[in-house]
Amino acid sequence: MSIQVKLDEGLCRAWVTVLPEPQTSTVAETVLQLTDQRPVLGSWDWIIDIRNPHAQATPEEIESISAAFNAVTSQQSYTIFISHDPATYDRCALMARTFLRRRHLVARSVAEAKALLPMSVHRI
């Protein structure tokens, strides 16, 4: 698999990393599969490391992901994309229109991504 997933149950955080090997699945497919199996993950904070080449989500995939996340999110949640691509900021602004109570931010490193997340754990 070219996407690595780590779930931090204690902090309610999902970590998704695009690995440098050839793509066998996309980030969007992985997120949709995870939220289909465990809908509560849509309320968690997500850190998605997309510094390696990857297929971008289609508008239909983003719509499906936002529907899954919006169905379970009752408090402010975050998705932090680790990226060096300046276009990621524009994609985050577009996603803000479809995701309720979720902020999409961009960081340049794992340490910066961690610093952007609140320290408290929230649950539904």
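Annotations for the structure displayed:
- Among A68, A111, A57: highest mean-square fluctuation, GNM of the chain, C-alpha pairs under 10 Å: A111
- Label-point gap, in nm, between R101 and V5 - each point 7 angstrom along Cα→Cβ: 2.3 nm
- Using R0 = 25 Å, the C-beta based FRET efficiency linking S25 and D90 works out to 0.55.
- Per atom type, the chain shows carbon and sulfur on 57% of its accessible surface, probed at 1.4 Å.
- In order along the range 80-85, the phi-based Karplus estimate (6.51 cos²θ - 1.76 cosθ + 1.60, θ = phi - 60°) of 3J(HN,Hα) comes to 10, 9, 8, 7, 10, 7 Hz; Gly and Pro are listed as x.
- Cα-centred dipole magnitude for the chain, charges only on beta-carbon of K, R (+1) and D, E (-1), debye, nearest 20: 460 debye
- Accessible area expressed per residue, the chain, with surrounding protein chains retained (probe 1.4 Å, Å²): 54 Å²
- Relative contact order (%) - criterion: Cα under 8 Å, at least six apart; region: the chain: 24 percent
- Taken as Cα centroids, the range 89-119 and the range 20-77 sit 13 Å apart, rounded to the nearest whole angstrom.
- Unit charges at the beta carbon, dipole of the range 31-79: most positive-side option, A67, S77, P53: S77
- Using the rule -39500 (n - 2.57) for each DSSP H run of four or more residues, divided by the residues of the chain, the 222 nm mean residue ellipticity is -10000 deg cm²/dmol.
- Sorting the segments 75-82, 10-17, 95-102, 44-51 by their mean number of nearby beta carbons within 10 angstrom, highest to lowest, gives 44-51, 75-82, 10-17, 95-102.
The values are calculated or read from the model by the stated rules, or taken from the named source; none is laboratory data. Quick caveat, the model's predicted, so the values are computed rather than measured. Because the Cβ atoms are built from the backbone with ideal geometry, glycine has one as well, and the counts that use them run over all protein chains shown. In case anyone asks, the SASA skips ligands and DNA or RNA and just uses the protein heavy atoms, side chains included. Shrake-Rupley method; radii C 1.70, N 1.55, O 1.52, S 1.80 Å.
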